[in-house]
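> Handing you a structure now.
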Amino acid sequence: MADRSSNAGAGDGASRSPAALAIEQWTALMTQAQTAMVEASSALPGVAQGQAARQVADFWRDQLGLWERFMAPSTGERALEKDKRFADEAWRSPAFDWIRQSYALLSDHLMRGVDALDGVDEAQRAQMRFAARGFVEAMSPSNFPFTNPQVMQEALATNGQNLVKGMRNLVADLARGQLTHTDATAFEIGQNLATTPGAVVKRTRLYELIHYTPTTEQVLETPLVIFPPWINRFYILDLTPEKSFIRWAVEQGVSVFMVSWRSADASMADVTWDDYVAAQVDAIDTIRELLGVPDVHAIGYCVAGTTLAATLAYLAAHGEAQKVRSATFFTAQVDFSNAGELKHFVTDEQLNLVRSLSTEGFLDGRYMAATFNLLRGRDLIWNYVTTNYLLGKDYAAFDLLHWNGDVTNLPAAWHHSYLTDLYRDNLLVEPGRLAINETPLDLTRVTTPSYVQAGREDHIAPAESVWELTRQFRGPVRFVLAGSGHIAGVVNPPAANKYQHWTLDDDAAPPETLVDFVTRARDTKGSWWPDWINWLRSRGAEMAEAAGARQPGGGALPAIEPAPGSYVRQR
């Protein structure tokens, strides 16, 4: 390696190995980062100069200790963090092990420095902690070719072709304006994704209504309509057949309908929240009339769950609450006071940026995707920078990541009001502060039996925030906490036997808080889907023959085209 590096520089640098140069560069970077942090913190109101000086002293004391351990290592095995960025054995060589450990030291000091700041309110501290974490993740030595031994080894082994291929990957992503996470050729909607048989039976300006084909001779008399979030494609609930919630529900003898939202364009500049609530009511009435039934079960996922809560309040205000027999909420929020890190994106500066990106009446879904990627930057950004740009690896085939990158556009007016009225101002939980078509909303009037599912590790709709829904409704509520997060906590078929979920017996005393619930709840291995279907059947076990209007196109609404329809394919 020394011979290879001798042609790369001049003077003293010509005689040093790449590892030595990497240490030198990394030390300089750490010094600059620490200096910048201290200068920035010193400029904050209420931060004493002594506090900044202590930060500097603490950092260099720990840095000296690291050097001492590096120069005179103990014979025992070094304690290694469980960090997949540094899992490769190449990081165990002395030079790169020092780089790795110095990065951990600096990261720790940066984060502790934010937590130690005086005179900063908690909202500002949370924003600073989020920004600091993003900076720490971005400056990881694994993200740079000359401080990542795996990249250096790969460059030697391939004569630099890994970097050439990585550059091609980078240029392709720049051209499409979006980070690639998976092999784009591995999946196709209607072929190996969203394949549950059915038909589109209604199309409006805003949505298509898909009716799925029964696979049982009899079905539950009360049908189910699912409202997915319009910030993503509906087929998160109809991925590959073995992961499909829709296919599973059909196999349980449920008449399933799905709303497939249209991706916004300039013609939808006037669309507001009123239109999405009206669309949910329209879908409910359409299914009731088609099947000749008095009511439906409804599911709302994420933002569509928030909208389903508003729809229930709207129906209650009009004396029509009986149209929905039960409501299920997947990771949905109505009280946004503890809505997690997405609240960092509703500052005046962020809102002005969103406006500037929505001049044609809609927000390009790629911007929304980038926001969600930032929430998990280490996994959804920097992991792919290293793997696909620096190491030049091929993209893996992963259905969930294909869906994650299949973005939808959002109506600008509604998106702005969603961020301000809900995330920033939290108006939905204040009776009468929000109205739909001039009808004031009051969640405390909702008595519909409800099933509320939250994800223990959800970073988009934190479990603590989802829990607040149980405090708003006045009807019976069953709360279920699922293992994993916003997606894997929902898309967890029983056959996978993954994760777990927590429930309370129906006759248990209602918990006052989420902590109380977790303390008393029963931990059950595997998916919560069986618990949900049992709960749904308890709302009404009457059955009907899967014939006539129960078959897609067999009633008053003829089939327009096979599922999954056209809107899910629009870009």
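The values are calculated or read from the model by the stated rules, or taken from the named source; none is laboratory data. Predicted model only: the values in this text are computed from it and were never measured. When we count neighbours, we look across all protein chains shown, and the Cβ atoms used for this are built from the backbone with ideal geometry, even at glycine. Note: accessible area is taken over every heavy atom of the protein model, side chains too, but ligands, DNA and RNA are not part of it. Shrake-Rupley method; radii C 1.70, N 1.55, O 1.52, S 1.80 Å.
> Listed residues ARG471, ARG445, ARG478; which is under 30 Å from ARG205 (Cβ atoms) and open to solvent by 10 Å² or more (accessible area, probe 1.4 Å)?
Among ARG471, ARG445, ARG478, only ARG445 is under 30 Å from ARG205 (Cβ atoms) and open to solvent by 10 Å² or more (accessible area, probe 1.4 Å).
> If only one of ALA194, ALA172, ALA199, ALA186 is over 30 Å from LEU419 (Cβ atoms), small (Gly, Ala, Ser) and at pLDDT 95 or above, which one is it?
Exactly one of ALA194, ALA172, ALA199, ALA186 is over 30 Å from LEU419 (Cβ atoms), small (Gly, Ala, Ser) and at pLDDT 95 or above, namely ALA199.
> Continuing with this model, one more query. Mind listing whichever residues of segment 543-571 are under 37 Å from the mean Cα position of the chain (by Cα), assigned to a loop (DSSP other than H, G, I, E, B) and on the phi < 0 side of the Ramachandran plot? Can you show your working first?
At the first step, the residues of segment 543-571 found to be under 37 Å from the mean Cα position of the chain (by Cα) are 543, 546, 549-553, 557-571.
With the extra rule that they be assigned to a loop (DSSP other than H, G, I, E, B), the set shrinks to 546, 551-553, 557-560, 563-566, 570-571.
Listed by number, the residues that qualify are ALA546, GLN551, PRO552, LEU557, PRO558, ALA559, ILE560, ALA563, PRO564, SER566, GLN570, ARG571.
> Restricting attention to segment 167-176, does a residue exist that is assigned to a helix (DSSP H, G or I) and farther than 26 Å from LEU363 by Cα?
Within segment 167-176 (the criterion being assigned to a helix (DSSP H, G or I) and farther than 26 Å from LEU363 by Cα), the answer is yes, since at least one residue qualifies.
> Still on this structure, I have one more. Only one of (1) within 23 Å of the chain's Cα centre (by Cα); (2) without any contact (Cβ under 8 Å) to a residue 24 or more places away in the chain fails for LEU481. Which number is that?
(2)
> Tally time: how many residues in segment 294-350 are assigned to a helix (DSSP H, G or I) and among the aliphatic types (A, V, I, L, M)?
12
> Let me ask another. Give segment 351-371 a look and list any residue that's open to solvent by less than 40 Å² (accessible area, probe 1.4 Å) and part of a helix (DSSP H, G or I), or say none.
Passing the criteria: LEU351, VAL354, GLY365, MET368, ALA369, THR371.
> Is it the case that some residue within segment 224-238 is over 24 Å from the mean Cα position of the chain (by Cα), in a loop (DSSP other than H, G, I, E, B), over 23 Å from ALA369 (Cα atoms) and touching a residue at least 24 places away in the same chain (Cβ under 8 Å)?
no
> In addition: Going by the structure shown, is GLY526 within 22 Å of VAL334 (Cα to Cα) and among the small types (Gly, Ala, Ser)?
On the way: within 22 Å of VAL334 (Cα to Cα): no; among the small types (Gly, Ala, Ser): yes.
Answer is no for this residue.
> Turning to a different aspect of this structure: Suppose the filter is assigned to a loop (DSSP other than H, G, I, E, B), among the polar types (S, T, N, Q), modelled with pLDDT of 95 or more and open to solvent by less than 10 Å² (accessible area, probe 1.4 Å); does ASN426 pass it? Give the derivation first.
On the way: assigned to a loop (DSSP other than H, G, I, E, B): yes; among the polar types (S, T, N, Q): yes; modelled with pLDDT of 95 or more: yes; open to solvent by less than 10 Å² (accessible area, probe 1.4 Å): no.
No: the conditions fail for ASN426.
> Okay, next question. For segment 179-201, indicate whether the set of residues that are open to solvent by less than 10 Å² (accessible area, probe 1.4 Å), in contact with a strand residue (DSSP E or B) (Cβ under 8 Å, 6 or more places away or on another chain) and either among the hydroxyl-bearing types (Ser, Thr, Tyr) or on the phi > 0 side of the Ramachandran plot (or both) is non-empty.
Yes, segment 179-201 contains at least one residue that is open to solvent by less than 10 Å² (accessible area, probe 1.4 Å), in contact with a strand residue (DSSP E or B) (Cβ under 8 Å, 6 or more places away or on another chain) and either among the hydroxyl-bearing types (Ser, Thr, Tyr) or on the phi > 0 side of the Ramachandran plot (or both).
> Moving on to the next point. Can you pull out the residues in segment 524-560 that are modelled with pLDDT of 95 or more and exposed (fewer than 13 other Cβ atoms within 10 Å of the Cβ)?
LYS525, ASN534, SER538, GLU542, GLU545, ALA547, GLY548, ALA556, PRO558
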